[in-house]
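The values are calculated or read from the model by the stated rules, or taken from the named source; none is laboratory data. On a predicted model such as this, the values are computed, not experimentally measured, just so you know. FYI the Cβ positions are ideal-geometry reconstructions off the backbone, even for glycines, and counts take in every protein chain you see.
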């Protein structure tokens, strides 16, 4: 049974009531009544506490209404709060809860598959600026014109684990002549090693093709393709791919027909840590030899060089690419060949590529134009990037990070304040339970913190671990410490750029946060939950179930995305103990505790216990002098 589902408020109903997944109706009712003693709004007169109690009691009541009703509880266990919101019911079918839950998860997975549609596109816009930059007659210049457009767009949807359907279109226009085609396809995975891919197009280029691909061995695959075109006839293509090493692979293709397309091709590619190279040879209707090399400076920047030699002449291309955002890449290249000198800007956003080849001159021997094409664009980009783009990006990044840190600060303060308010609500009942445990020498919770264990232990070493039990006030720490804490945490759900900031930039962010937050301090990544545990103590025992402790009443998520622990200092039969429990670790106190072996730690726990007893019984004897707390043996 899944007891870790979350309700609309972000916590498990089982955690809110602190009951196990197999709790009986009586256990649920008992837990609800105990919590209602502290959280019922009618028991509080302070307006602020009354409002907090009303909000918490609503959560408590919602959890009880669901878990206290057998039918609704079964829906919650199988479908979660989504099923409750949708009004689902569990119809008797002879299946147990686990089987129904698996069916529900399968249905949700099927819905996700149907909703995942991949859209890919390639868009090319060729512009001729030759008559403007390098006219035959210097006295007559023509403005740049768009002379060729080509588009290819496809939508792919996964109908099932083994079936993918594709629809799309192609379009090409050159001058005043053009046309397009409608393309559709179906890919079927027959087994782990075999698949079939059918494609068909109707329009400017009508064709039908069937491709069969099979994995022959661990490192070798082969394909057989059949094609048909009107007025051309049938064609046959054989292909094979071989993994030569961990970084090197080879592809061979043989076009058996039709006659106009007969030929063979061989290509080899190697991908290293920084350098990727490939070379290819095609013989037949179009004979050519090509080589390509890409050098990656970093995860964001790369340069490339391409050389093509064939029956159509020689072409040399140099260029580079820069990742400008998480999903966008901009590139620029210059190619020189028999067709002229081209400047090739390119922009890629996700799975869509936009190509803008610009013809600068038809004369590839015009060295001034070639030199200008290779030098002017990179220099211009460098100046614009350093003088305009980089400062703007830095300003935008600082603004985003400042807003993110302020948001984190506010959320952390809200969690701390909610825990402190809950402590005030539980304090009267908690005090009565502590007095009872002190009188009989039972389980006395002296100090408890919930959050990142590393930071809790650091705080304990500073000397204030057990000396400042929860008094109902939110904990805070120095802004500098909080800033370091938030920066360390930001790598969990922040951007890559944020996790690799330079110190100067971070100082600017800290200054902006300090200026906008005023005197607000960054809360620590843990919560004081001493009062909550004192409230939960029942007859000398504290019980925790396998649910996230952040959902317990009086708790909260003080460090989202990080592993959290519960650290408890307590007395058991007058002897100081320490316990640490993981977030979803089940167990009971005092069983999970160990005797404090450090003299300083034991002394701190006893001193804190004495201070606690003094607040509860100002006139009575101290803990050390109370016979009920006399150490055994």
Within the stretch 311-322, the residues that are over 42 Å from the mean Cα position of the chain (by Cα), modelled with pLDDT of 90 or more and surrounded by fewer than 16 Cβ atoms within 10 Å (Cβ to Cβ) are 314
Find the residue count for the stretch 362-400, including only residues that are surrounded by 15 or more Cβ atoms within 10 Å (Cβ to Cβ) and outside any helix (DSSP H, G or I).
3
Please verify whether residue 3 is modelled with pLDDT under 65, crowded, with 17+ Cβ neighbours inside 10 Å and either at negative phi or out of contact with any strand residue (DSSP E or B) (no Cβ under 7 Å at 6 or more places or on another chain) (or both), treating the condition exactly as stated.
yes
Conditions (1) under 13 Å from residue 319 (Cβ atoms); (2) without any contact (Cβ under 8 Å) to a residue 40 or more places away in the chain -> residue 332 fails only (2)
Any hit, the stretch 542-550, residues being within 10 Å of residue 445 (Cβ to Cβ) and in contact with a strand residue (DSSP E or B) (Cβ under 6 Å, 6 or more places away or on another chain):
yes
Qualifying strands (runs of 3 or more DSSP E) (wholly inside the stretch 162-207; at least 1 residues being free of Cβ contacts under 8 Å to residues at least 40 places away in the same chain and either in contact with a helix residue (DSSP H, G or I) (Cβ under 7 Å, 6 or more places away or on another chain) or under 23 Å from residue 218 (Cβ atoms) (or both)):
177-189, 194-203
Among 270, 308, which is surrounded by 14 or more Cβ atoms within 10 Å (Cβ to Cβ) and more than 37 Å from the chain's Cα centre (by Cα)?
308
Step by step: first the residues of the stretch 127-149, then only those that are out of contact with any helix residue (DSSP H, G or I) (no Cβ under 9 Å at 6 or more places or on another chain) and surrounded by fewer than 13 Cβ atoms within 10 Å (Cβ to Cβ), then the one that is nearest to residue 340 (Cα to Cα). Which residue is that?
136
Looking for something closer than 19 Å to residue 198 by Cα, loosely packed, with under 13 Cβ neighbours inside 10 Å and touching a strand residue (DSSP E or B) at 6+ places or on another chain (Cβ under 9 Å) - is there at least one such residue anywhere in the stretch 231-241?
yes
Candidates 83, 106 - the one that is at pLDDT below 80, loosely packed, with under 15 Cβ neighbours inside 10 Å, in a helix (DSSP H, G or I) and on the phi < 0 side of the Ramachandran plot
106
In this structure, is residue 589 touching a strand residue (DSSP E or B) at 6+ places or on another chain (Cβ under 6 Å) and surrounded by fewer than 23 Cβ atoms within 10 Å (Cβ to Cβ)?
no
With respect to residue 351, is the statement that it is under 38 Å from the mean Cα position of the chain (by Cα) and in contact (Cβ under 8 Å) with a residue 60 or more places away in the chain true?
yes
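Of everything in the stretch 336-361 that's under 23 Å from residue 290 (Cβ atoms) and in contact with a helix residue (DSSP H, G or I) (Cβ under 9 Å, 6 or more places away or on another chain), which residue is surrounded by the most Cβ atoms within 10 Å (Cβ to Cβ)?
Once the filter is applied, the top-ranked residue is 341.
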